[in-house]
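Step one of this worksheet: look at the structure below.
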Amino acid sequence: MTILFEQHDQLGSQVEDQNLSSKANDINDLVLDGGFVVPKDHKSNNGVVVPNDTVSSNGFIAPEINSFGQTFRDYNAESERQKTVEEFYRLNHINQTYDFVKKMREEYGKLDKVEMSIWECCELLNEVVDDSDPDLDEPQIEHLLQTAEAIRKDYPDEDWLHLTALIHDLGKVLLLPSFGELPQWAVVGDTHPLGCAFDESIVHHKYFKENPDFYNPDYNTKCGIYYEGCGLDNVVVSWGHDDYMYLVAKENGTTLPSAALFIIRYHSFYPLHRAGAYTHLMNKEDEENLKWLKVFNKYDLYSKSKVRIDVDKVKPYYLSLIEKYFPAKLRW
C-alpha cells in the first residue's frame with residue numbers, strides 16, 4: 001500500500017511549536033498536548049486521501065478537558081490520579097535500561113504465551129486500567145473503540161487506520177498473569193530511546209538521574225551507540241505494550257501497511273512526535289510514517305471520554321477488518 005503526502009501547512013506548525021516551546025521552558029518535566037487541532041483530510045492529484053495540518057470544519061473536535069476535569073496530559077495537576085502517574089514515571093525512568101529492554105525483547109519475541117484471536121485480546125483488555133494515563137481510568141477496550149470510531153468518522157476510506165486504532169493498545173495484556181503480569185512501568189507510559197542521552201522533553205526527566213544508563217559514557221551523548229539517519233528500526237526504545245504489539249503483528253504476518261506498524265510501535269513515543277526530539281535518528285521511511293502517526297495521535301489522545309461505545313453495534317465491522325488483515329489465531 002502506497003501512502004502519498006502533499007506539503008504540510010508550515011505556518012500552523014510553527015505557531016504550535018512556539019507555544020509548546022514556551023510551555024517547555026516554564027516546566028521542564030512537561031510538554032502539554034492540550035489545544036492542538038485535528039488535521040483536515042484532503043486529496044492529492046491522484047485522489048489519495050492525505051493528512052494536512054489545517055483545521056477541519058467537519059472533523060473531530062478536540063475537547064478542552066479530560067474526564068477528570070483537567071487539561072489533557074497535564075502531569076503536574078494536583079490530584080490523587082496525578083500522584084499515581086508521577087510515581088509510575090519515577091519507577092519507569094529508574095528501571096528501563098538498555099539491558100532490560102534487550103532482555104524483554106528476547107523473552108517476549110518468542111511469542112509463546114498464548115494463542116488467541118485479535119478480538120479475544122480486545123475483550124481481555126476489560127481487565128486493564130493504565131496507571132500512567134492522567135486522562136482516563138476506564139477499561140481499555142472503551143478507549144480502543146473510542147479512538148477507532150473517531151478516526152473512522154473522519155477517514156472513512158482508510159480501513160487500515162480504523163483497525164490500527166482498535167489494536168494499538170492490545171499489548172497492555174502484558175499486565176495480566178497469563179502474559180507474565182509485568183509491572184505497570186514495564187508496560188505502559190510514554191516511551192523513549194535507550195543507548196543515547198535522555199532528552200529533556202521526556203516527562204519527569206529528573207528521575208533518570210537514578211537510572212544506571214544515565215552515567216554510562218557510551219549512552220549519554222546525542223547519538224550514543226547510534227548514528228544520524230540510522231532509522232528507528234535500529235534504535236532500542238523503552239519496553240512496553242507498543243513494542244510488544246508491534247512484534248505480535250509483524251511476526252504473525254499481518255498485511256497492514258508499514259505506517260500502521262509504525263503507529264503501533266511508536267504511538268507512545270511522545271518525545272518524538274510531540275517535542276521533535278530524536279528526529280536525527282530517523283530515516284526517510286520514518287519521516288513519511290510519522291505524518292500518519294501525528295494524525296493518529298490526536299485521536300488517540302482526545303477521543304478519551306466518558307461517552308460509551310455500543311460494542312455489539314460496531315463489532316461486526318471490526319471483525320471484518322481483523323479477518324482482512326490478520327490470521328484467525330495469533331501467537332502472543
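The values are calculated or read from the model by the stated rules, or taken from the named source; none is laboratory data. Remember, it's a predicted structure, so these values are computed and weren't measured experimentally. Virtual Cβ from ideal backbone geometry, glycine too; neighbours counted across all protein chains shown. Heads up: the accessible areas ignore ligands, DNA and RNA and are worked out on the full protein's heavy atoms, side chains in. Shrake-Rupley method; radii C 1.70, N 1.55, O 1.52, S 1.80 Å.
With a threshold of 18 Å on the Cα-Cα distance, the over-threshold entries among LYS83/LYS206; LYS172/LYS315; LYS250/LYS284; LYS110/LYS250; LYS250/LYS324; LYS83/LYS298 are LYS172/LYS315; LYS250/LYS284; LYS83/LYS298. With the convex hull drawn over the C-alpha atoms of the range 155-195, the volume per residue is 112 Å³. Determine the shape class of the range 216-331: with a ≥ b ≥ c the square roots of the Cα gyration tensor eigenvalues, call it rounded for a/c under 1.5, and otherwise prolate if a/b is greater than b/c, oblate otherwise. Taking the square roots of the gyration eigenvalues as a ≥ b ≥ c, the range 216-331 is prolate. Residues of the range 80-122 with an amide N closer than 14 Å to a point placed 7 Å from the Cα of VAL314 along the Cα-to-Cβ direction: 122.
Note on the range 284-300 and the range 233-253: Cα centroid distance 16 Å, given to the nearest whole angstrom. Relative contact order for the range 183-332: 27 percent, from Cα pairs under 8 Å spaced at least 6 residues apart, divided by residue count. The slack in the chain from ARG331 to THR221, taken as 0.36 nm per residue of separation less the alpha-carbon distance, amounts to 35.8 nm. GLU106 sits with roughly 130 Å² accessible to a 1.4 Å probe, with DNA, RNA and ligands left out of the calculation. Estimated at the nearest 10 Å², the accessible area of SER178 is 70 Å² with a 1.4 Å probe. Here the accessible area is traced with a 1.4 Å probe on the protein chains. For the range 140-197, carbon and sulfur cover 49 percent of it. Restricting the GluC sites (Glu not before Pro) of the range 187-254 to loop positions (DSSP other than H, G, I, E, B) with no more than 12 neighbouring Cβ atoms within 10 Å leaves GLU228.
Were the residues from GLU228 through GLU106 laid out at 0.36 nm apart, the gain over their Cα-Cα distance would be 41.4 nm. The orientation-averaged projected area of the convex hull spanned by the Cα atoms of the range 246-286 comes to 3.1 nm².
Of the chymotrypsin sites (Phe, Trp or Tyr not before Pro) found in the range 136-243, the ones in coil according to DSSP and having at most 16 other Cβ atoms within 10 Å of their Cβ are TYR227.
Over the range 108-238, the reciprocal of the mean inverse Cα-Cα separation, the Kirkwood hydrodynamic radius, stands at 17.2 Å.
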